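The values are calculated or read from the model by the stated rules, or taken from the named source; none is laboratory data. Treat the numbers as computed from the prediction; the structure is a model and nothing was measured. As a convention, Cβ positions derive from the backbone with ideal geometry for all residues, glycine included, and neighbour counts pool all protein chains shown.
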């Protein structure tokens, strides 16, 4: 699971109102290099919940993202490289996503988060 | 840009359901239909290349991988069935493509905002469980910012149009073409060797 996916997902348990962001717990991770596409990064930037990305990348042991970010920073190649790396090159292989409201644990196995709900959660 | 025939042949090499499940209406999306759906989305509307694309009910990953082959920047595949996700993951590795898989029931999907540009899907037609194709459509229109491509039985055309525009607040709902969907004899209740269903390829704007 890459961190762009993490930035989309929200706890889907019935009745939960503050399900975002899911807290990330990492047991095993890998890095895979992909080509940097500046236009893509510039387009997606306004949609990204920055703090969620920063916290998730830190949980993955990548401390390079600044606490705050604004669109003017996209002109810096150094910033783009870090943003790109955090968003698209870090993969959680094993671990869990934790609902911030209920503490319910959604396991991540073989890189796939399991967001299936139990009967009493839908 | 990849040629249509080339795309179709890549998709023809993918593994399909080894053990299809009746209640989930797991019919494979054939390479013919899948390649035409994606080719139209890219060539006529520019909805794939460089975009975030989600494949709802991705099964073995055909539509999602087709999107990646046509240059989608980030492809998410969602399915309720873990075996399908495993096959999708193998298919992605075979083609050396990245598919971001999520194990989830589309009905219970909850995402923050509209991070996805385009949704592509071949939903269950709702023959086993009435209305399941419309459950997929309403979920897709909620997360997509640009377009939703979907296949629905031609016999339900008026219902799909009315529901999308009136109940799901789609800005537009257009049938791009009519296709034949060959459902091979996979289940015991299929008496004929192959069932040929008329389906519409739709483009919805959320």
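What pairs can you find where one residue is in region A:103-114 and more than 10 Å from chain B (Cβ to nearest Cβ) and over 11 Å from residue A:1 (Cα atoms), the other is outside any loop (DSSP other than H, G, I, E, B) and at pLDDT 95 or above, and their Cβ atoms are less than 6 Å apart, with a gap of 6+ or different chains?
Close Cβ pairs (under 6 Å, with a partner that is outside any loop (DSSP other than H, G, I, E, B) and at pLDDT 95 or above) amount to A:105/A:96; A:105/A:98.
Tell me the residue from B:50, B:59 that is in a loop (DSSP other than H, G, I, E, B), at positive phi, in contact (Cβ under 8 Å) with a residue 12 or more places away in the chain and crowded, with 20+ Cβ neighbours inside 10 Å, please.
Working: B:50 fails: crowded, with 20+ Cβ neighbours inside 10 Å.
Just a single option satisfies the conditions, and that option is B:59.
Of the residues in region B:45-70, how many are facing chain A (nearest Cβ under 10 Å) and farther than 18 Å from residue B:203 by Cα?
Going residue by residue through region B:45-70, those that are facing chain A (nearest Cβ under 10 Å) are B:50-52, B:54.
If we keep only those that are farther than 18 Å from residue B:203 by Cα as well, we get B:50.
Matching residues across region B:45-70 total 1.
Testing residue B:145 on (1) within 19 Å of residue B:65 (Cβ to Cβ); (2) at pLDDT 95 or above, one condition comes back false. Which one is that?
So residue B:145 meets the others, but not (1).
Restricting the search to region B:111-124, which residues are within 7 Å of chain A (Cβ to nearest Cβ) and either surrounded by fewer than 20 Cβ atoms within 10 Å (Cβ to Cβ) or part of a strand (DSSP E or B) (or both)? Break it down into steps so the answer makes sense when it comes.
Initially, region B:111-124 is screened for residues within 7 Å of chain A (Cβ to nearest Cβ), giving B:111-113, B:115.
Within region B:111-124, B:111, B:112, B:113 qualify.
Could you go through region A:51-62 and let me know if any residue there is facing chain B (nearest Cβ under 10 Å) and modelled with pLDDT of 95 or more. Walk me through how you get there before you give the answer.
Initial filter on region A:51-62 (facing chain B (nearest Cβ under 10 Å)): A:52.
Checking which are modelled with pLDDT of 95 or more leaves us with A:52.
Looking for residues that are facing chain B (nearest Cβ under 10 Å) and modelled with pLDDT of 95 or more, one finds at least one in region A:51-62, hence yes.
Conditions (1) surrounded by fewer than 18 Cβ atoms within 10 Å (Cβ to Cβ); (2) under 11 Å from the mean Cα position of the chain (by Cα); (3) farther than 22 Å from residue A:111 by Cβ, marked per residue:
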{"site": "A:19", "(1), (2), (3)": "no, no, no"}
{"site": "A:28", "(1), (2), (3)": "yes, no, no"}
{"site": "A:63", "(1), (2), (3)": "yes, no, yes"}
{"site": "A:66", "(1), (2), (3)": "yes, no, yes"}
{"site": "A:70", "(1), (2), (3)": "yes, no, yes"}
{"site": "A:74", "(1), (2), (3)": "yes, no, yes"}
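Any residue at all in region A:115-122 that's more than 12 Å from chain B (Cβ to nearest Cβ) and free of Cβ contacts under 8 Å to residues at least 24 places away in the same chain? Can you show your working first?
As a first pass, look at region A:115-122 and keep what is more than 12 Å from chain B (Cβ to nearest Cβ): A:120.
Next cut, free of Cβ contacts under 8 Å to residues at least 24 places away in the same chain only: A:120.
Yes: region A:115-122 contains one or more residues that are more than 12 Å from chain B (Cβ to nearest Cβ) and free of Cβ contacts under 8 Å to residues at least 24 places away in the same chain.
Kindly provide the set of residues from region B:130-155 that are part of a helix (DSSP H, G or I), free of Cβ contacts under 8 Å to residues at least 60 places away in the same chain and surrounded by 21 or more Cβ atoms within 10 Å (Cβ to Cβ), ordered by number.
Of everything in region B:130-155, just one residue is part of a helix (DSSP H, G or I), free of Cβ contacts under 8 Å to residues at least 60 places away in the same chain and surrounded by 21 or more Cβ atoms within 10 Å (Cβ to Cβ), namely B:133.
When only residues in region B:87-107 that are in a helix (DSSP H, G or I) and surrounded by fewer than 16 Cβ atoms within 10 Å (Cβ to Cβ) count, which is farthest from the other protein chains (Cβ to nearest Cβ)? Spell out how you get there, then give the answer.
In the first step, residues of region B:87-107 are kept if they are in a helix (DSSP H, G or I); the result is B:87-94, B:106-107.
Okay, now just the ones that are also surrounded by fewer than 16 Cβ atoms within 10 Å (Cβ to Cβ), so B:90, B:93-94, B:107.
Values: B:90: 11, B:93: 11, B:94: 16, B:107: 8 Å.
Top of the filtered list is B:94.
Please verify whether residue A:33 is within 12 Å of residue A:85 (Cα to Cα), over 12 Å from the mean Cα position of the chain (by Cα) and either more than 7 Å from every other protein chain (Cβ to nearest Cβ) or surrounded by fewer than 15 Cβ atoms within 10 Å (Cβ to Cβ) (or both), treating the condition exactly as stated. Spell out the reasoning first.
Numbers: within 12 Å of residue A:85 (Cα to Cα): yes; over 12 Å from the mean Cα position of the chain (by Cα): yes; either more than 7 Å from every other protein chain (Cβ to nearest Cβ) or surrounded by fewer than 15 Cβ atoms within 10 Å (Cβ to Cβ) (or both): yes.
Criteria met by residue A:33.
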